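This report refers to the structure that appears directly beneath it.
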Amino acid sequence: MTQQEITLLNLGSSLDDIANIDPRGYGVCKLLYNAAREYTGSPLCLNAAKKLVETVKENDTVFIMTGFVLMPFNKAETDGVISSFLLAKALKSAFGAKPVIICPEDCISAVPYLAECVGLEDIKAEVFTKDKAKTAENADRLIAEYRPKAVISIECPGENENGAYHSARGIDVTEVEAKQDILFDKLKEKGILNIAIGDLGNEIGMGAIENTVKEKIPLGDKICVRTGADNIITATVSDWGCYALIAMLAYLLGSIGLMHGAELQKKTMEAAAKGGLIDMTGKAIPAIDGFGTELICAQVTVMKELVKNTLALKETCKPHFDEIIKLKSFE
């Protein structure tokens, strides 16, 4: 292996590890990650980032699908939506792409707050229907209007093989969720680059590792979705997997400026709460899946410092790589 190949392998693995730290300590993230790593055959963030670099060009539209509505609160959660806007910012900066947010109507109140926060006041956001009878029409219209070159689903609820949507606790939430599966299906069938990010198995795309979800995850038989993405990223919190993807893009493109820092992370979490999005506790507070700004901002800082140092130390560490290469330690 070359120095660059070794760097990509280990940087990608480190970013995946950060996205899968386990503050709860119950290990589901590890189970999902092991299956996803086997599925992709490489670090998850690296696999997805390389596909984006190879595919997305200037003025290309990228669909970012998100928005999980939580019951009994009947409000959309912060996870997925926050990182969607940060990813949109990165994609526009990196490629000159045109991101479009696809989400349920429950997320729309937060759009102006998050858009202003990340500096994308003109970003387009499309509401997707909750009516199954209208999904095909809705999907066809969006595809015809925008002709996307890639689709990225982040914490977007998916239906199981029986057509039902479920929360992490196995509660049937079909009536409150936007039925975005058909849009993902149609884009995948057209050969459009598709990436899915999830943290449990009830999100679009996670059917790619259905055996692990059904056999090892609590309520897996009920919550496992039918859709399998070509490229998946798993994380303890879906937003964290998205941050790892942004970090890997920054490295591949040699542009640390694509990554946001702790200050913007905190502001987006506050903006999401002002916009009416809720934490898993049901409260409109700056938190994601029960984790507050202190933990998540620290995580973002570590990812950014990791990429910054890896870029800066390329030549400094070359002699060390030469020895590793001679030993064929990563062959």
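Pairs under 9 Å by beta carbon, first residue within 22 Å of V28 (Cα to Cα) and in contact (Cβ under 8 Å) with a residue 60 or more places away in the chain in the stretch 163-179, partner exposed (fewer than 14 other Cβ atoms within 10 Å of the Cβ) and not hydrophobic (A, V, I, L, M, F, W, C), six or more apart or different chains?
I171/P72
Residue by residue, here is whether (1) in contact with a strand residue (DSSP E or B) (Cβ under 6 Å, 6 or more places away or on another chain); (2) among the acidic types (D, E); (3) loosely packed, with under 15 Cβ neighbours inside 10 Å holds:
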residue: M1; (1), (2), (3): no, no, no
residue: S13; (1), (2), (3): no, no, no
residue: N20; (1), (2), (3): no, no, no
residue: G41; (1), (2), (3): no, no, yes
residue: L70; (1), (2), (3): yes, no, no
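So which residues in the stretch 1-13 are under 14 Å from T234 (Cα atoms) and polar (S, T, N, Q)?
Answer for the stretch 1-13, where residues must be under 14 Å from T234 (Cα atoms) and polar (S, T, N, Q): just S13.
Considering each residue of the stretch 60-85, count those that are of a type outside the set (D, E), farther than 16 Å from A196 by Cα and touching a helix residue (DSSP H, G or I) at 6+ places or on another chain (Cβ under 9 Å), and give that number.
Number of matching residues: 8.
Looking only at the stretch 51-68, count how many residues are among the aliphatic types (A, V, I, L, M) and out of contact with any strand residue (DSSP E or B) (no Cβ under 9 Å at 6 or more places or on another chain). I'd like the intermediate steps shown before the answer.
Taking the stretch 51-68 and keeping what is among the aliphatic types (A, V, I, L, M), we get 52-53, 56, 62, 64-65.
Filter once more, keeping what is out of contact with any strand residue (DSSP E or B) (no Cβ under 9 Å at 6 or more places or on another chain): 53.
Summing the residues that are among the aliphatic types (A, V, I, L, M) and out of contact with any strand residue (DSSP E or B) (no Cβ under 9 Å at 6 or more places or on another chain) in the stretch 51-68 gives 1.
Anything in the stretch 128-184 that is in contact with a Lys or Arg (Cβ under 9 Å, 6 or more places away or on another chain), part of a loop (DSSP other than H, G, I, E, B) and of a type in the set (D, E, K, R)? List them, or say none.
K130, D131, K149, E161, E177, K179
Hey, could you check the stretch 218-230 for residues that are over 14 Å from the mean Cα position of the chain (by Cα) and crowded, with 22+ Cβ neighbours inside 10 Å and say which is nearest to Y39 (Cα to Cα)?
If we take residues in the stretch 218-230 being over 14 Å from the mean Cα position of the chain (by Cα) and crowded, with 22+ Cβ neighbours inside 10 Å, then T227 is nearest to Y39 (Cα to Cα).
Looking only at residues in the stretch 151-193 that are within 17 Å of E210 (Cβ to Cβ), acidic (D, E) and buried (at least 18 other Cβ atoms within 10 Å of the Cβ), which one is nearest to the chain's Cα centre (by Cα)?
D181
I'd like the full set of residues that are under 24 Å from L193 (Cβ atoms) and more than 15 Å from the chain's Cα centre (by Cα), limited to the stretch 29-49.
Within the stretch 29-49, A35, R37, E38, Y39, T40, G41, S42 qualify.
So that you can scan it fast, the table gives a plain yes or no per residue for (1) assigned to a helix (DSSP H, G or I); (2) closer than 25 Å to C45 by Cβ:
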{"position": "I82", "(1), (2)": "yes, yes"}
{"position": "L87", "(1), (2)": "yes, yes"}
{"position": "A94", "(1), (2)": "yes, yes"}
{"position": "P99", "(1), (2)": "no, yes"}
{"position": "D106", "(1), (2)": "yes, no"}
{"position": "V111", "(1), (2)": "yes, no"}
{"position": "C117", "(1), (2)": "yes, yes"}
{"position": "L120", "(1), (2)": "no, yes"}
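Are there any helices (runs of 4 or more DSSP H) wholly within the stretch 192-298 with 2 or more residues that are touching a strand residue (DSSP E or B) at 6+ places or on another chain (Cβ under 6 Å) and small (G, A, S), and if so which?
238-253
Kindly indicate which of I256, I233, I209, I246 is over 24 Å from T293 (Cα atoms) and either in contact (Cβ under 8 Å) with a residue 40 or more places away in the chain or surrounded by fewer than 24 Cβ atoms within 10 Å (Cβ to Cβ) (or both).
Checking each option against the conditions leaves just I209.
K57 is checked against (1) modelled with pLDDT of 95 or more; (2) surrounded by 13 or more Cβ atoms within 10 Å (Cβ to Cβ); (3) over 24 Å from V213 (Cβ atoms); (4) touching a Phe, Trp or Tyr at 6+ places or on another chain (Cβ under 9 Å) and fails just one. What number does that condition carry?
Failed condition: (2).
Conditions first: (1) more than 28 Å from the chain's Cα centre (by Cα); (2) in contact (Cβ under 8 Å) with a residue 60 or more places away in the chain. C317 passes all but one, so which condition is the exception?
Result: C317 fails condition (2) only.
The conditions are (1) of a type in the set (K, R); (2) within 18 Å of Y26 (Cα to Cα); (3) touching a residue at least 60 places away in the same chain (Cβ under 8 Å), and K222 fails exactly one of them. Which is it?
Here K222 clears every test but (2).
For the stretch 14-28, check the following and say yes or no: at least one residue is under 14 Å from the mean Cα position of the chain (by Cα) and not in a helix (DSSP H, G or I).
The answer is yes; a qualifying residue exists.
The values are calculated or read from the model by the stated rules, or taken from the named source; none is laboratory data. In this text the structure is predicted, and so the values were computed from the model without any measurement. Heads up, the Cβs are rebuilt from the backbone with ideal geometry, glycines too, and the neighbour counts pull from every protein chain shown.
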